[in-house]
1. Gaussian network model of chain B, Cα springs within a sub-10 Å range: biggest mean-square fluctuation belongs to which of B:D121, B:D34, B:D20?
2. Compute the distribution of all C-alpha to C-alpha distances in the protein assembly as shown, in bins of 10 Å from 0, and list the percent of pairs in each, rounded to whole numbers.
3. How high is the FRET efficiency between B:L72 and A:R21 when r is their beta carbon distance and R₀ equals 25 Å, given to the nearest 0.05?
4. Placing +1 on the Cβ of each Lys and Arg and -1 on the Cβ of each Asp and Glu in the stretch B:1-135, which of B:G107, B:A51, B:L61 has its Cα farthest towards the positive end of the resulting dipole?
5. Quick one: what do you get for the stretch B:49-97 if you divide its Cα Rg by 2.2 N^0.38 Å?
6. Longest span of chain A, sites excluded, free of GluC sites (Glu not before Pro) in DSSP loop with at most 15 other C-beta atoms within 10 Å?
7. Could you work out [θ]222 nm for the protein assembly as shown from helices alone, using -39500 (n - 2.57) per DSSP H run of at least four and dividing by all its residues? Round to the nearest 500 deg cm²/dmol.
8. At a temperature of 37 °C and a viscosity of 0.692 mPa s, determine how fast chain A diffuses translationally according to Stokes-Einstein, using the Kirkwood radius over alpha-carbon pairs as Rh; express D in µm²/s, rounded to the nearest whole number.
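The values are calculated or read from the model by the stated rules, or taken from the named source; none is laboratory data. Quick caveat: nothing in here was measured; it's all calculated off a predicted structure. Glycine gets a Cβ as well: all are built from the backbone with ideal geometry, and neighbour counts include every protein chain shown. Areas reflect the complete protein model, heavy atoms only, side chains present, ligands, DNA and RNA absent. Shrake-Rupley method; radii C 1.70, N 1.55, O 1.52, S 1.80 Å.
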Amino acid sequence: MSDVLQVGDRVPHREFGPLRRTDFVRYAGASNDFNPVHHDDAFAQAAGQPSVFGHGMLSAGLVASALTAWVGPDRVVRYRVRFVDRVWPGNVLHPEGTVVAVDESAGTAEVELELLRADGTLVVRADATVKNRTEGHR
Amino acid sequence: MIVADSLVGLQGEPFRFPVDESKVREFARAVRDDHVTPDAMVVPPTFPAFAASAYETLDILEVAGFDLKRVLHGEQEYHYTRPLRVGDRLVGRSTVVSDTVREGRRGGQMRLVVLETELRDEPTEELVVTCRATVIELPGVST
């Protein structure tokens, strides 16, 4: 966990996955989202997909977990995610991101993040405003 | 460009949203949040997604008349005035704040609807979280 964020600081590396159907089912139950496209392969294929795929908000949650592990819990003021591509069974995901701005008077930092597959392709983009300790504060 | 039968201003009925420990633990496990431990619990920042599915009264997909085969969740944003806590008893209310049409990249028109949900602390009415969901209906097949 970082103490005082500075422009250019990077989110620590971590991996999520390989994600399995069980992970999609676990998120379905946890979020009450039982859209069959996320847990029923026959349904997903009838809808034109190769298989079930993960909830976009599951990806959003994973990036948020990477964010709070990095900047600390209780510090998220704003969190936004933009959905780019789907997560398939077997995908291994990792976040990349940096602090892009620090507002000392507001005591906040702006962070931009991406969630990527192992091959570098993009799943979601996220950006956040987090509370930032200042240099004299403990 | 505003759609002719814009939904802007449409508001759902208030709904209750209790933030209870078992559900927070279950959700944290599902999104790999390490801060939910036996000793301390910070609610994951995307936890309001559970309320959107379980307690929300305004069914935006239905009221917008979307073709479900070409509907996407485009974007989701949360603004917090304070972190959520286990034990919070919240009241939510959603309003359509934007309903627009724009040209798709490959022609045709796509519709973007933004639903804003305010989650307030039930006893104090303090605004805790503002959620903004952007739902997109992609262009249909041209006729």
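1. Its mean-square fluctuation being the largest, the pick is B:D34.
2. In whole percents, the pair-distance histogram is 6, 27, 35, 24, 6, 1, 0.
3. That pair, B:L72 with A:R21, gives E of 0.70.
4. The residue sitting farthest along the positive end of the dipole is B:G107.
5. Relative to the rule-of-thumb radius for its length, the stretch B:49-97 sits at 1.39.
6. It runs A:16-103.
7. Numbers: 6 runs with 55 residues, N = 281.
Calculated at 222 nm, the ellipticity per residue is -5500 deg cm²/dmol.
8. Details: Rh = 15.9 Å.
Translational diffusion coefficient: 206 µm²/s.
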